[in-house]
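One structure is given below, encoded as C-alpha cells.
Since every read-out is calculated from the coordinates, none of them should be taken as a lab result. From a predicted model like this one, the values you see are computed outputs, not experimental measurements. FYI the Cβ positions are ideal-geometry reconstructions off the backbone, even for glycines, and counts take in every protein chain you see.
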Amino acid sequence: MKVVVLNGSPKGELSVTEQYVRFIGKKIPEHEYEYINISKQINKIEEDQDLFADITAKIAVADLIIWSVPLYVCLVPSQYKRFIELIWERGSEGVFRGKYAAVITTSIHFFDNTAHNYMRGICDDLGMVFAGSFSPDMYDIMQQEGRDKLIRFAESCFDIVKRNLLTPRAFDMPDYCMPVYEPAGDSAKADTGGRRVLILSDRRYINDNMGNMITRLASAFNGDVRVMSLSDIDISGGCLGCCQCGFDYRCVYTGKDGFIDFYKNEIMTSDIIVMAGEIKDRYLSAKWKQMFDRAFFNTHTPTLSGKQLAFLVSGPLRSIANLREIMKAYTEFQRANLAGIVTDEQESVLTDRLIDSLALNLVEYAGKGYVGPQTFLGYGGTKIFRDDVWGRLRFVFQADHKYYEENGFYDFPQDDKKTIDINEKMMALTANPEMKENIRKIMKSEMVKPIKEIVDKK
C-alpha cells in the first residue's frame, strides 16, 4: 500500500509522534511510506500553490492517510489547523473523499479526547473512511507493551484497507448557514464599575453577523471597553513545541514579535474577556488556535484566574458539542469563570436579548468575584498536569514546578495524614463482621451528618 503520513509537528522529523509512525514502518516494511512535514512548512504551503498541489497529488494516489500530530491545547497545532482550512479554501475536499484515514497522536492525555473528536469529525466531513485512532502517552513506545499495542493498531488499520471495509460516520456534517443577524433597538447598559473589558476577535469583522454581535456587545457596557483583533497584533508564527519556555517562561519568540507583550498588557490586565470568532472546520479559526498555542509560554500555569470569560460565536455550535467542551475546559483550567456563550443560531431579536443578558451577567459575576467550581474538565486536567510536573516533566517545566509548589497544586492524597488515620481506624473496625453490619445501617445518615449540621446551623 501507499501510505501518506501528514506530519503535524512543527518540529518536523524531531516529532515524537512521527517516531511512532516510523516504528510502524520499520515493523511493517512491506508498505510504501511517504512523510510530509505539514506544520513545519505551513507558511510555504500557504504561499506556494504548487507545493500544496504536489501534496494533494500524493494524497490522491495513496491508499491510507495517516494524520500524525502532537496535541497542543486540546487540539492539533495551529499550523495543522491552517492546513485543514486550506483544504476547503482551495476546493480540495474531493482528493480526500473515499480515502482511508487513521489518526495517531502523542500527549500526556490532556484532552486528547477532544483532539481526536475533532480529527474524526474532519475525516467525516471530508468523506474519508475512518480506519482508527491511536492516542498513547508520549513515552509508551519505551515499553514493550506500548510497542505491541502500536503494531496491533497499525495491523488492524492495514487490514481494514486491504479488505476494503466500510466504517460508520461518527458525526453529522454541521450546517454552517446561519440566519442573518441584524441588531435592533437600544442595548442594555451594564455598568462595568471601573473594570476593564476586552472583546477580542481573530480578525476585523465588518457588516456581518460577528461584526454586528461585537458591536452590540460593546455598546451594552457602560465603561472601559476595548475591541481588538488578533490580526492587528504582530504574531510571527505559531508555537514551535520547543519547550524553551519551561525553565522560566521565556519563549523562543521573545523580542521577535509583539504577542507576549500583548498577552501580558492586554489580556492579563483585563477583568472581563470576551473571545469572538467564526466556527471554521469544527473549531474557531487557525488564528485563534495560534493565540491559544502561543499563550503556552506560560506553560501549564493559569494566567486568567478569577477573570470572567465569555465567547461570541458565529456558526453551528449546537452541532459541535466538542468545541463547547474545549471552551469550558480551557476556562476551567485557567481557573476563570465561563459567564456564557452566545451564538447567532437564532433569530435576531433573541440574539439581541442574549447579548444584553451576557453583558449584565459578566459585570454581575465580576462584581461578586464569582468563579464557579471546576467540573471534571478543569479538575481532572489540573491533576494530569500536577502529576506530570511533579514527576517526569519537572526538569523541563521548572517554572511550573515552582508555581505549583507555591500555590498548593501538589495536593496529593497520600499527604492527607488525618484522612489516612481515619480510614485506617474505620477499616480496622469493619474487619469485625458484626461491626461491619452495624456501620452499613448508619452509612447514609453518617455521610450526610457533617453537611446537615452546616445546613441546619442558625
field: Thr17, Thr167 arranged by Cβ crowding within 10 Å, fewest neighbours leading
entry: Thr167, Thr17
- request: Would you mind ranking Leu284, Leu338 so that the residue whose beta carbon has the fewest other beta carbons within 10 Å leads the list?
  value: Leu338, Leu284
query: Roughly speaking, what is the centre-to-centre gap between segment 283-332 and segment 26-53 when only Cα atoms are used, to the nearest Å?
result: 29
statement: Least to most buried among Ser348, Ser305, by other C-beta atoms within 10 Å and fewest first, runs Ser305, Ser348
³J(HN,Hα) computed for each position of segment 192-206 - Karplus, 6.51 cos²θ - 1.76 cosθ + 1.60, integer Hz, glycine/proline x: 6, x, x, 7, 8, 10, 10, 9, 10, 10, 7, 8, 7, 9, 10
task: For Lys280, list the lysines whose Cα falls under 21 Å from its own Cα; do not include residues on the same chain fewer than 8 positions away.
output: Lys81, Lys289, Lys328
- prompt: DSSP loop chymotrypsin sites (Phe, Trp or Tyr not before Pro) in segment 378-458 with at most 12 other Cβ atoms within 10 Å of their Cβ, which ones?
  reply: Phe395
message: Taking θ = phi - 60°, what integer Hz values does the Karplus form 6.51 cos²θ - 1.76 cosθ + 1.60 yield along segment 163-168, in sequence order, with x for Gly and Pro?
response: 8, 6, 7, 10, 10, x
query: Percent relative contact order of the chain, based on C-alpha pairs within less than 8 angstrom and at least six residues apart?
result: 14
- line: Yeah, segment 15-76 with a ≥ b ≥ c from its alpha-carbon gyration tensor (a/c under 1.5 is rounded, else prolate when a/b outruns b/c, oblate otherwise) is oblate
- prompt: Where the eigenvalues come from the Cα gyration tensor of the chain, what are the semi-axes √(5λ) of the equivalent ellipsoid, largest first, in whole Å?
  reply: 38, 34, 22
field: Scattering profile of segment 2-162 at q = 0.09, 0.11, 0.21 Å⁻¹ [log10 I(q)/I(0), Debye over alpha-carbon scatterers]
entry: -0.26, -0.39, -1.59
Simple Cβ-charge dipole of the chain, Lys/Arg +1 and Asp/Glu -1, about Cα centre, in debye nearest 20: 1000
message: Using the Cα centre of the chain as origin and beta-carbon charges of +1 (Lys, Arg) and -1 (Asp, Glu), tell me which of Tyr365, Gln308, Pro450 is placed farthest towards the positive end of the dipole.
response: Pro450
- request: Loop sites only, by DSSP: take the GluC sites (Glu not before Pro) in the chain that have at most 14 other C-beta atoms within 10 Å and name the longest stretch containing none of them.
  value: 31-346
Student exercise, segment 190-376 dipole from Lys, Arg, Asp, Glu Cβ charges, in Debye to nearest 20: 360
field: Helical mean residue ellipticity (222 nm; -39500 (n - 2.57) per DSSP H run of 4+; nearest 500) of the chain
entry: -13500 deg cm²/dmol
